[in-house]
Amino acid sequence: MADSPDDIIKKISKFHKKGSSREWKLIYNSPFETLEPIYFWILDFMGYPNGVDKIVDNFASSPGSGHFSELMGKATRMQEESMKVMQTIGVLVKSIVNIIYDLRQFEIVLNDYKAANSENKTNAEAGLIALKQRWLDNVDIKRGNTSIKGMTFSQASFATLLDSFFFIKSLKNLQENKPDLNERVIRILEQRLLEFEKWRELSEKEMQKRYSIEKAYLKSQVESLKLYSRWAKPYLKAAEQLRMNDKSNPALVTAFNTINMNVTLMKKNPIKVEEETYAKNLPKNFLNLKNARKYYSCSIVEFNFRGIPQKMEQHYTFGGRVDVSFKAYALNEDELDLFNYELDKSDLKEALNLVEGATEGSLKEIQEDIDYFLKSDDEKTKDKKIKEETRNDDVNPFTALLGLDKLKFFQKKEEKKKDSDKEKKEKAEKLLKDGIKKDSYAESVIRKLAEKNAVDFCYKIYDIYKKAHGMASTQNMV
């Protein structure tokens, strides 16, 4: 189970002691009113969807409840379906590897045909010898004692047959040059050279056909693998979301009909030094501030709901008690990177990485081979050209007319995202190893402002919610 936001903040505070600031709690207990109105009121007031993230969403039902049985049944079906898809993905990956191996073998053989048909004399002779050897080992050898090798090594009168077969290039060459050979050897050579040349013609066509079929099959398998990976993700995600957590909660008694839900929202607002300086919230000399880290006002709202599930037709409603806590934090960019890094180590992300590791990871390892066989020379040249063009930030008006600027834009965006994710991960791991640098004097001033803004925002939600719902509230924050 993933760490809670408080646990993550505690990890961060080991490196930097100034983490949490203020907290307010709201407790609402009604067996006839549900969590949804409370949750959505606060969500909308926080400014959803602008800058609001849901960072925790889990639940647990008591084993004796009907809600538990129904959801466990759904989870089991999701797990079964996901495992079926994952098994198919494993078969497809293995199939792709085998097809690539076969294509490599076909390519080796086809290179012999290509060399034999080459205008280069040396390559042509080498290719012809390779084809003759292949014909002897796979076709002529089936004659047993009457094969060329069998007669050469078993009968003295045919001792020159094997060497002559390799030396004489074609039946036409044999008939025109009339080599000084035994008449019986010449007759055997005529018959075998005729058969070899016919085999060479037909086998090349057959090999080309099989090569094309295998490439088409490779393409279909790769597309199937991508399709199954897309199918697997929803099942894995649903199965993980239906997995219950917090089974040790004292509120969940086995025989009771109860449910516990935990949802956490986070709103972060960056401190814009220039704007805050003009607003006189920071000293004037902060306009020229350099090398200062970014600071954020972070407001975290945690919902802890304990209720009684009641089925209404096809759905459940939950009346009960909700504890809402409003917590204010001031975090700099290093602390926020660590927070996000630790948060990403959730079970759900690991579940989704499972299918990505089985598909995207596997494809990445053999992507070079897949591209080699599936892309034509023109496509490879075009991809290389587009890749080179994407390095140039200037938009060419002529390529824009063809829509290539859009392609370059999305390729560049995807590359930047991958690079950014990689940099963030490396940065977070370095921070865990080396620790977070302490605030400078200027940064400590900005942190205090970020903390004040977070405190004001959290109290504002807390205070206005109480007033809007007729609850007792203070007029001014103490």
>> What are the ³J(HN,Hα) couplings of the stretch 179-196, residue after residue, when phi is run through the Karplus curve with 6.51, -1.76, 1.60 and θ = phi - 60°? Round to Hz, x for glycine and proline.
In response: x, 7, 10, 4, 4, 5, 5, 4, 5, 5, 4, 4, 5, 6, 5, 4, 5, 4
> Near the amide H of residue 33, under 5 Å away, which other amide H atoms are found, from residues 5 or more places off or on another chain, if H is placed in the peptide plane?
Replying inline: 320
> Which whole-Hz ³J(HN,Hα) couplings does the stretch 210-219 yield from phi under the Karplus relation 6.51 cos²θ - 1.76 cosθ + 1.60, θ = phi - 60°, glycine and proline marked x?
Replying inline: 5, 4, 5, 5, 5, 5, 5, 5, 4, 4
>> Give me, ordered by chain and number, the residues 5 or more places off residue 295 or on other chains with an amide H under 5 Å from its own placed amide H.
In response: 271
> Taking N as the number of residues in the stretch 86-234, what is its alpha-carbon radius of gyration divided by 2.2 N^0.38 Å?
Replying inline: 1.47
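Can you compute the FRET efficiency between residue 91 and residue 202 using 1/(1 + (r/R0)^6), with r the Cβ-Cβ distance and R0 = 45 Å? Round to the nearest 0.05.
Values: r = 34 Å, r/R0 = 0.75.
Step by step, r from the Cβ atoms, then E = 0.85.
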> What residue among 221, 161, 194 has its Cα farthest toward the positive end of the dipole of the stretch 86-234, where the charges are +1 on Lys, Arg and -1 on Asp, Glu, each on the Cβ?
Replying inline: 221
> What ³J(HN,Hα) values, in whole Hz, does the Karplus curve 6.51 cos²θ - 1.76 cosθ + 1.60 give for the stretch 157-168 when θ = phi - 60°, with x put for Gly and Pro?
Replying inline: 5, 10, 4, 8, 5, 5, 5, 5, 4, 6, 6, 7
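Bear in mind that the values in this text are calculations on the coordinates, not laboratory data. Worth saying up front: this structure is predicted, and the values here are computed from it rather than measured. Glycine also receives a Cβ, built like all others from the backbone with ideal geometry; neighbour counts cover every protein chain displayed.
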